[in-house]
Amino acid sequence: MRRLPVYMLIDCSGSMNGDAIEAVGQGFKNLTTMLNNDPTTCDVVWFSIIIFDSTVRQLFPLCPIGDYKELPLKVGGSSNLGRALQFLSDCVKKEVRKQTSEKKGDWKPLVFLMSDGKPSDDWEKICKTAESEINLIACGVGADADIENLKKITGRVVLMKDMTQETLDQFIDFVRSLTTMASQRSENQSDTVYLEKKKYSKIVLS
């Protein structure tokens, strides 16, 4: 079965201290719990966790969702988003299965950027390059999240306070429909899938 790679790109800079980083941890816990409780999504969704501040680290390489525990998140330093996006691009190239003449590759990765929208380095150029490799969704966290800045990073922006049970249900419904489609689709049919749920509009997996 084709995998749906999901990368969590988590801002752990000093400005994320307090409620913001706690919201990230709780949001991750809620999402992974729901995905683990659905047998269809367990089979298709593979997760990776990348954190960044002044440096970038991959806490977990791409692996099945069932392998995850709680996140050990600590904050400090600056927010080097550009470096994080470059690191993410390198991980995608290494970990996501490419299509060959003999078999289909993975679906185009979903990337959730969890941040207050205050990057401190040059991120614009690498962000434009990364757009061809991933579907990027920015999740604004913290009471003073810079939403306008997040919209410069990607046109798909949601707020953590909007991440309700309904929103998570929509994501799981999408993954379920994707796996059903993938199992029924013949080799000669189109592989492009449009995600049309309100919170995740304009996402194309191919």
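Only residues that are surrounded by 14 or more Cβ atoms within 10 Å (Cβ to Cβ) and not hydrophobic (A, V, I, L, M, F, W, C) were counted in segment 31-42, giving 5. Out of segment 87-117, which residues are out of contact with any strand residue (DSSP E or B) (no Cβ under 8 Å at 6 or more places or on another chain) and either in a helix (DSSP H, G or I) or in contact (Cβ under 8 Å) with a residue 40 or more places away in the chain (or both)? 89, 90, 93, 94, 97, 104, 105 - these are the residues of segment 87-117 that are out of contact with any strand residue (DSSP E or B) (no Cβ under 8 Å at 6 or more places or on another chain) and either in a helix (DSSP H, G or I) or in contact (Cβ under 8 Å) with a residue 40 or more places away in the chain (or both). When segment 100-136 is limited to residues that are at pLDDT 85 or above and of a type in the set (Val, Ile, Thr), the one that is nearest to residue 90 (Cα to Cα) turns out to be 134. Take the conditions part of a loop (DSSP other than H, G, I, E, B), of a type in the set (Asp, Glu) and closer than 19 Å to residue 25 by Cα and apply them to residue 70. Does it pass? Criteria met by residue 70.
Matching residues to (1) surrounded by fewer than 20 Cβ atoms within 10 Å (Cβ to Cβ); (2) closer than 21 Å to residue 117 by Cα:
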| residue | (1), (2) |
| --- | --- |
| 44 | no, no |
| 54 | yes, yes |
| 58 | yes, yes |
| 63 | yes, no |
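Residues in segment 108-120: is at least one more than 14 Å from the chain's Cα centre (by Cα), surrounded by fewer than 20 Cβ atoms within 10 Å (Cβ to Cβ) and under 17 Å from residue 53 (Cβ atoms)? Yes, there is a match, as at least one residue in segment 108-120 is more than 14 Å from the chain's Cα centre (by Cα), surrounded by fewer than 20 Cβ atoms within 10 Å (Cβ to Cβ) and under 17 Å from residue 53 (Cβ atoms).
The values are calculated or read from the model by the stated rules, or taken from the named source; none is laboratory data. None of the values given here were measured: they were computed from a predicted structure. Note: ideal-geometry Cβ built from the backbone for every residue, glycine included; neighbour counts use all protein chains shown.
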